[in-house]
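Below is one structure; the comments refer to it alone.
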Amino acid sequence: MSPSSASLQIFHGDRVTNPAEIAFARNLKRDLEAEGVEAVLLANVTLGPRRRQIDLIVATATTAVVVEIKAYVHPVHGGVNGPWSVEQNNGGRRELGGTNPYQQALENRFTVTDSLRRQDGRDAKDAVAGMLCLYPRAPAGSNIPAGDFKLAIGGYAELVALLKVPRANALSLDQWRAFALAQGLVDQSMQPPSSADLLVAQYLTAHADFGRATLGPYVEPQFVGEDSTAELARRIAEGEQLQIVGPSGSGKTELLKRLAAACAARGNIPLLVRGRDFARDIGPLLRADAARYSREKIPSLFRASAEAGAELVLHVDAINECPADKRAELVAALQAARINYGMRIVITGQEEIGLPNSLAGSTIKLNQPGSAQAQRIVEAHLGRALALPEIAALEVVATAHDAVILAAVLDRASVINGRYSLYYAFTRARLNSAPTEQDHRRLTELATAMRIGYVAAMPKSAAERIVGSDGSTVDAARAAGLLWSDGGRIGFRHDLIADFYAADAILHRGGTPEDLRALASQPIHAELREFILGGCATTQEIETLLTNAPDSRLLESALSGRAGAKAQAFVLSRMRDLIAQLKRRYSDIDLALPDGVKSARELSSLVPGFTDTVEDDPIDELYLNLIPAALGDGLLADLLDLFASVDRRLLAEAERLKEQRPDIRLAWRAAAFGTVYGMHHFSGARHLQTLLHAIQNSWATRVEDATKLDVASHLDAFEYLSVGQLFLLVSALRCARFERMPARFPELLPRVWRTQVYHLRLLICDIIRFRGGELGEEDRVAVREELNSYLTDDNLFLNSSVFDALAGVGGIEHGFTIEAAVKEYEAMLAIPDSPEACSIAVSAVTRTYDHPFCEIYWEAFYEVLEVEKRQALLLRGLRDRPGDLWFTSDILRALRRDPTPEAASELQQLARGPRLDSHSHQYAVIAYAEAISLLAKLDLSVEATEGVPDDPAIRAWHEAAPLIHALSGGNAKPSTDAFVACGVAEAFDVIQRLKREVRILDYDNHLDVAFESLWPDMVRGLVRAVLAGDYVGKSVFPAFRSDRSLEDEHIDAALQLLAKVGRPTDLALAQAWLDHPCHGERALETARALERSETGQPTAR
């Protein structure tokens, strides 16, 4: 093929040396060829009397785009005029020199059109577009214009989309070829591959060959949300950096390997390292991985990739396994790789970690697989479909790793009865050579030694002292794939295999059921309890382990079948006993009218009561809360019978009260049902309310669970259901998202409404709001008409629920527009400044999320309304007095988009300390921290005119403000002395509460409260004092949870922080809490972290 007939021609001026421009052109060439688009590319062109350098002109038969390419590692900020700045890791900004990038790209576009006009007299302004392309995309956190009719702004993906938009008067490709030759450009289309191209091609071929030989079957992991492997691969190719988070065994490693393969298929260079292997230098890890695919040394490989335009993508597996004391060094090494080589970073771990701006990106979350997902994994590894009898074995699968193990033993093991049975069969099958029993016993000893030593690996010499110096067990376990050995260290291939062996050791040590319970109840063995329960041989052992369980986790394991059929049967039997107990109790309930109530308007609920013998028959709350998860295991019939029996009693009580009090006009039946099933305001008798609420919010969140009960068919027979039975089934329908809607729903709705039970009405409205769209058109019309008939002037709150339901069936028709919303906002500003105007301004923000037209208001407020007007409304909202801090935090979050110094006084007032008069202590803390962060962003101090508070607990918040300011990027270097001087308990409460509220309310993406990062010595000193014993907590706030003391909250937080800032000498401090019933498990995690800090061990989980 001659150059003139080539589908893609590339003309060069000066040689292109910028790596980003080379990579851009390489990707574009690949994508255009893949789409079969004929194009002409002009690279590195110098044009015009001012000799402007043009990065790239891309011309197709229908359009042409002049591209100015910029590559930034850190977030960038700027507008169409003025200087741009790049954000640094400390939160500050460095101004970029040179011309404003927008103006530069726009001038480049006009230079090209002027040159075309000079060449042939044609006005080419309409034919040629311009684009400022931030390659491959703008870094996360950037704030730049969206582009306009004169110039597009975006990443590589937006450039590809722009090339698909035809332009008027487009020049022909021949005209572009003639233009290129007239400028003296050289046609590079038929150049042979360079040595760099060949080296990259060899690397990618070897990578693909290795993948075909080593990658096993693959099934999509269970993503949280709508993500997929292909979508993540596309996003990485377009420049995103990702942090993939999920529990142990959820499939993170396999996903990362597939993403690396997709990276290579795209023509880029993937590198993969493991967090546990990092010592002090990432270089050896990069060399070890690259050596699988190339003989070239790393510097040569990196030079070749830059010259060829093949981008480097570094995949870091299990960053949580990096020794705690080296994790900061690993992050620093990743940042160096990003800055110096332009590497994109993809990380996996068990929890999200803080990263500097240069490494920041989206967080992708994985769940453990459900039964349908587990079946796909097992079938993929078996290479066949599961037979019907085999499907029952899937109930033992809790992780993706379990599914792979199940596939390995399914054809060998006759019965798989729980996870203990699964791992027993797997390990015995792997150790299929004599002496298997000896090896098994030795491995249990090794797992036990690692557990009590808080390590996941140990030196090979130490391991051989435990399992035998002849090395036979280690060699056999390595050959069987149960152990790994690397760099003189040994560890179990997966932490679940180690857990199985450690649990088996406990089963052999526990001579009696009581001995076994005593061992299993130790916090250090909490992770083993499911395996221990599954290994129990008798019902007596199972009952002993489950009696007085510390929490519901072990009961949930038993119910799921993961602890074996015998444990599952025991738990189901116990729940049936509990349902019968509830039936006896509530079938004898008494109801009374509260004292002083003389009309229906004065009544909130009736007063429930029981006989005096109730205290001798307590309800087991753990089993009660487990019932919703067991609806699909045959309990629905028992529950329907329970509610039918209680309904009969409530009807009788309602009739009795009606006869006793004929002077009060009241819906006695609705009041009776509402008291027991809805909500009442007196002590006791809340078990059925608790049960219904739990069913509404927790049952059947996955498809496979939802199909076990045909809730819709039960509700279609509503004529035969009592009120309590209706409440039960409608509650189940609310959470069974994949259950079909009842066929007779338009008839069910008035049946529910006639009960007059307030909370049941709210529940049915909630279902219509979120699932009304699933109804057919005729049913939606019928439901709309019915709902409209329920609107009343007597109950505005119920009206709001009806309006929400109407929105779910398209019942709210309007002509409201974005333009109308903007006019409303402008009208708010036109109101003279006053307290009332400030209150109205608050609604400017709340309308963007709490209004039937919230989407319209959101776009109007954030995308259309002028920035200055939005800021003015937000400033008014900040001045609202006294102000709801929930709304204040929303205003501050909105102000973060475009902060203004005019907010300084209000922000400084908020920064003095959390407002104690707020109904929400959580949002009081958030508003305080958000205000300080904004002051730092504006480079303003936190100082206010008022004096320092006298109360040490309040003063601690005041003295913490400069520290938070520094964490948020402020330039000052404050002392911690005044903060610590407030007292250990007072200072630690500030740290603990800030970290908790920021995490719970999801503000950790932009609020930095990691005191330990800047002042580890200060935090270490406070933590040691909290954990030393006889600690008494102090706070300006009440305890966060009624079931935990302030001391418990502080101790738990202190143990978490000790894992980060502690030294090896603090191990004894953590060990002192190992046997504590509330803090033992947290202390175990801390002890492991401290042990890793001392010995450089990888984390266990």
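Of note:
- Selected residue (criterion: surrounded by the most Cβ atoms within 10 Å (Cβ to Cβ)) from residues of segment 635-660 that are under 48 Å from the mean Cα position of the chain (by Cα) and of a type in the set (D, E, K, R): Asp647
- For segment 1042-1094, a residue qualifies if it is in a helix (DSSP H, G or I), in contact (Cβ under 8 Å) with a residue 24 or more places away in the chain and acidic (Asp, Glu), and the qualifying residues are Asp1048, Glu1049, Asp1052, Asp1066, Glu1081, Glu1085, Glu1091, Glu1094.
- Near pairs, Cβ below 8 angstrom, 6+ apart or cross-chain, from segment 281-299 (modelled with pLDDT of 90 or more) to any residue that is assigned to a loop (DSSP other than H, G, I, E, B) and surrounded by 13 or more Cβ atoms within 10 Å (Cβ to Cβ): Leu285/Phe278; Ala290/Glu296
- Residue in segment 866-886 that is under 21 Å from Lys995 (Cα atoms) and not in a loop (DSSP other than H, G, I, E, B) present: yes
- Hits in segment 267-303 (condition: over 28 Å from Gln350 (Cβ atoms) and under 32 Å from the mean Cα position of the chain (by Cα)): Gly267
- Only a single criterion out of (1) modelled with pLDDT of 90 or more; (2) touching a Lys or Arg at 6+ places or on another chain (Cβ under 8 Å); (3) polar (S, T, N, Q) is not satisfied by Gln908, namely (2).
- Enumeration of residues in segment 368-426 that are free of Cβ contacts under 8 Å to residues at least 24 places away in the same chain, assigned to a helix (DSSP H, G or I) and farther than 25 Å from Gly246 by Cα: Leu388, Pro389, Glu390, Ile391, Ala392, Val409, Ala425
- Residues that are in a loop (DSSP other than H, G, I, E, B) and of a type in the set (D, E, K, R) within segment 942-987 comprise Glu943, Glu946, Asp950, Asp951, Lys973, listed in sequence order.
- Count - residues of segment 535-594 that are among the acidic types (Asp, Glu), under 27 Å from His1076 (Cβ atoms) and without any contact (Cβ under 8 Å) to a residue 40 or more places away in the chain: 2
- Selected residue (criterion: nearest to Gly184 (Cα to Cα)) from residues of segment 12-30 that are exposed (fewer than 15 other Cβ atoms within 10 Å of the Cβ) and not polar (S, T, N, Q): Asp14
- Residue list for segment 577-609, restricted to those being part of a helix (DSSP H, G or I) and surrounded by fewer than 17 Cβ atoms within 10 Å (Cβ to Cβ): Asp577, Ala580, Arg584, Ala600, Arg601, Glu602
- Candidate set from segment 486-521 (those that are out of contact with any helix residue (DSSP H, G or I) (no Cβ under 7 Å at 6 or more places or on another chain) and not in a helix (DSSP H, G or I)); member that is surrounded by the most Cβ atoms within 10 Å (Cβ to Cβ): Gly491
- Looking across segment 824-850, the residues that are surrounded by fewer than 14 Cβ atoms within 10 Å (Cβ to Cβ) and within 15 Å of Ala872 (Cβ to Cβ) come down to Glu826, Ala827, Ala830, Ile831, Pro832, Asp833, Ser834.
- You will find that of Gly815, Gly773, Gly810, the residue that is surrounded by fewer than 18 Cβ atoms within 10 Å (Cβ to Cβ), over 22 Å from Arg744 (Cα atoms) and not hydrophobic (A, V, I, L, M, F, W, C) is Gly815 and no other.
- Asp850 meets all of the listed conditions (1) modelled with pLDDT of 85 or more; (2) within 36 Å of the chain's Cα centre (by Cα); (3) over 26 Å from Ala600 (Cβ atoms) but one, namely (1).
- Within segment 869-886, residues that are of a type in the set (Phe, Trp, Tyr) sit with their Cβ atoms under 6 Å from residues that are in a loop (DSSP other than H, G, I, E, B), at 6+ positions apart or across chains, in these pairs: Trp886/Ser920.
- Residue, modelled with the lowest pLDDT, within segment 542-597, restricted to residues that are closer than 17 Å to Arg517 by Cα and acidic (Asp, Glu): Asp551
- Those residues of segment 1003-1025 which are part of a helix (DSSP H, G or I), over 13 Å from Val990 (Cβ atoms) and either of a type outside the set (Asp, Glu) or in contact (Cβ under 8 Å) with a residue 60 or more places away in the chain (or both), in sequence order: Ser1013, Leu1014, Pro1016, Arg1020, Gly1021, Val1023, Arg1024, Ala1025
- Subset of segment 234-252 that is β-branched (Val, Ile, Thr) and buried (at least 24 other Cβ atoms within 10 Å of the Cβ) - its residue that is farthest from Ala374 (Cα to Cα): Ile236
- Qualifying positions in segment 980-1002 - without any contact (Cβ under 8 Å) to a residue 40 or more places away in the chain and under 19 Å from Leu1046 (Cβ atoms): Cys982, Ala987, Val990, Arg999
- Only one of the numbered conditions (1) small (Gly, Ala, Ser); (2) buried (at least 20 other Cβ atoms within 10 Å of the Cβ); (3) under 32 Å from the mean Cα position of the chain (by Cα); (4) assigned to a helix (DSSP H, G or I) is violated by Ala821, and that is (3).
- When the helices (runs of 4 or more DSSP H) confined to segment 732-796 are screened for residues that are out of contact with any strand residue (DSSP E or B) (no Cβ under 9 Å at 6 or more places or on another chain), at negative phi and modelled with pLDDT under 95, those reaching at least 2 such residues are found at 758-771, 777-788.
The values are calculated or read from the model by the stated rules, or taken from the named source; none is laboratory data. Just so you know, these numbers come straight off a predicted model, no measurement behind them. Reconstructed Cβ throughout: ideal geometry from the backbone, glycine too, with neighbour counts over all protein chains shown.
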